[in-house]
Amino acid sequence: MTFKVATLSLSSSALKIKRGDISQWFVDGFSDAIVNSANEKMLGGGGCDGAIHRAAGPELLEACYRVPEVGFGIRCPTGEARITPGFKLPASHVIHTVGPIYGVTINPEASLRSAYKNSLSLAKANNIQYIAFPAISCGLYW
């Protein structure tokens, strides 16, 4: 699958926009992360989420199951972010974030802003130097 990917270097604050397969993106395989536009269950899905899960292998799904639920079936509420290892991905980490569902989520602009902000905060807290984002809340919803 081909996606448009925004890559951000947190150390220099450089932004590059590229087209490519986010599941194949990496800088050094140590201090890099890709962002997964996940659903609240964090158990895979379609589009970018499905592509990342397939490329990472079954260990990613197992790691997502280990993320504690904060509500029934909810591991990552809309606007929040969680981090897992990248497993078979070239990038060392996956930051899972949930964007709003337009027409359903109250105040989707604030939720989308929170999804990006919380992804960046989680990257900083985990010494991630390079991060690649897909376009969150722009794809298909299951």
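Note: the range 78-142, Cα convex hull, 93 Å³ per residue. The dipole here belongs to the chain: it is taken about the Cα centre, uses +1 on the Cβ of Lys and Arg and -1 on the Cβ of Asp and Glu, and is about 240 debye. How many percent of DSSP beta bridges within the range 3-133 run antiparallel, rounded to 5? So the antiparallel bridges in the range 3-133 amount to around 70 percent.
Considering every alpha-carbon pair of the range 3-133, the percent of pairs per 10 Å bin, from zero through the bin containing the longest distance, is 14, 47, 34, 6. A helix-only calculation puts the chain at -8000 deg cm²/dmol for mean residue ellipticity at 222 nm, using -39500 (n - 2.57) for each DSSP H run of at least four residues, averaged over all residues.
Every number in this text was worked out from the coordinates using simple rules, so none of it is lab data. No experiment lies behind these values; they were computed from the predicted model shown. Backbone-built Cβ (ideal geometry, glycine too); neighbour counts: all protein chains shown.
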